[in-house]
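What follows is a short report on a single structure.
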Amino acid sequence: GATIGLLHARGQLNPAEAAFVHQVGEVLTVALARDRREKDLLRREQRLIEAQRISHVGSYDFELATNTNLWSDQLYRIYGREPQSFNASYERFLRFIHPDHRERNTQIHQHASATGEPYRMLDRIVPPDGEVRHPSSNGQVPLAGTGIALRNAAPGVTNTSRAVAGGCCARPDRRRRS
């Protein structure tokens, strides 16, 4: 700005040239700021991926209206699959759940969708390698202002080997919602 004004005052730039140079400078400033934000976002995403891998915690975000279920790479690994090896859907997810636990799982998700209450559950799955796993998940279905469920978000899904009577347990999470 000051340099452009100085050049214009010295007669080295006419008003149209000064305005053009000023606009180019503003565009470059915005572009550089956007580039910094994008690089920062990419670094944060890489840190999250690394943290999930190291801690053996995955996550998913299920958009109810579109039946789009976005899984983190670590969640695929917890379920014994290669990251991004298939398009996740709720029906596909249910096929991974042991048949004895599918109805209970569906009921828990339906209750959370109707009430918006957080939930915690322990599932039983048998991945392709045959090793029985018990992923534990904490989730919540945020409701729109109209009370309609928008999505099911489970930021914490981890593989646990703890034994639970009956193979699995489920209960609403009674912690205070934020």
So, in the stretch 115-140, of the ones that are among the hydroxyl-bearing types (S, T, Y) and farther than 17 Å from Q74 by Cα, which residue ends up most open to solvent (accessible area, probe 1.4 Å)?
T115
Would you please list the contacts, defined by Cβ atoms under 6 Å and residues six or more apart or on different chains, that run from a residue in the stretch 136-147 that is within 15 Å of H111 (Cα to Cα) and among the basic types (K, R) to a residue that is at pLDDT 75 or above and open to solvent by less than 20 Å² (accessible area, probe 1.4 Å)?
none
For the list (1) open to solvent by less than 60 Å² (accessible area, probe 1.4 Å); (2) closer than 30 Å to G145 by Cβ, I need the number of the one condition that L48 fails.
(1)
Can you find, within the stretch 85-114, the residue that is most open to solvent (accessible area, probe 1.4 Å) among those that are more than 14 Å from W71 (Cβ to Cβ) and in contact with a Leu (Cβ under 8 Å, 6 or more places away or on another chain)?
R102
Exactly one condition in (1) at pLDDT 90 or above; (2) of a type outside the set (D, E); (3) assigned to a helix (DSSP H, G or I) is not met by S85; state its number.
(3)
For the stretch 19-76, name all the residues that are at positive phi and either free of Cβ contacts under 8 Å to residues at least 12 places away in the same chain or touching a Phe, Trp or Tyr at 6+ places or on another chain (Cβ under 8 Å) (or both).
N67
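The values are calculated or read from the model by the stated rules, or taken from the named source; none is laboratory data. The structure presented is a predicted model; accordingly, all values stated were derived computationally and were not measured. FYI the Cβ positions are ideal-geometry reconstructions off the backbone, even for glycines, and counts take in every protein chain you see. Just so you know, the surface numbers come from the protein's heavy atoms only, side chains and all, with ligands and any DNA or RNA stripped out. Shrake-Rupley method; radii C 1.70, N 1.55, O 1.52, S 1.80 Å.
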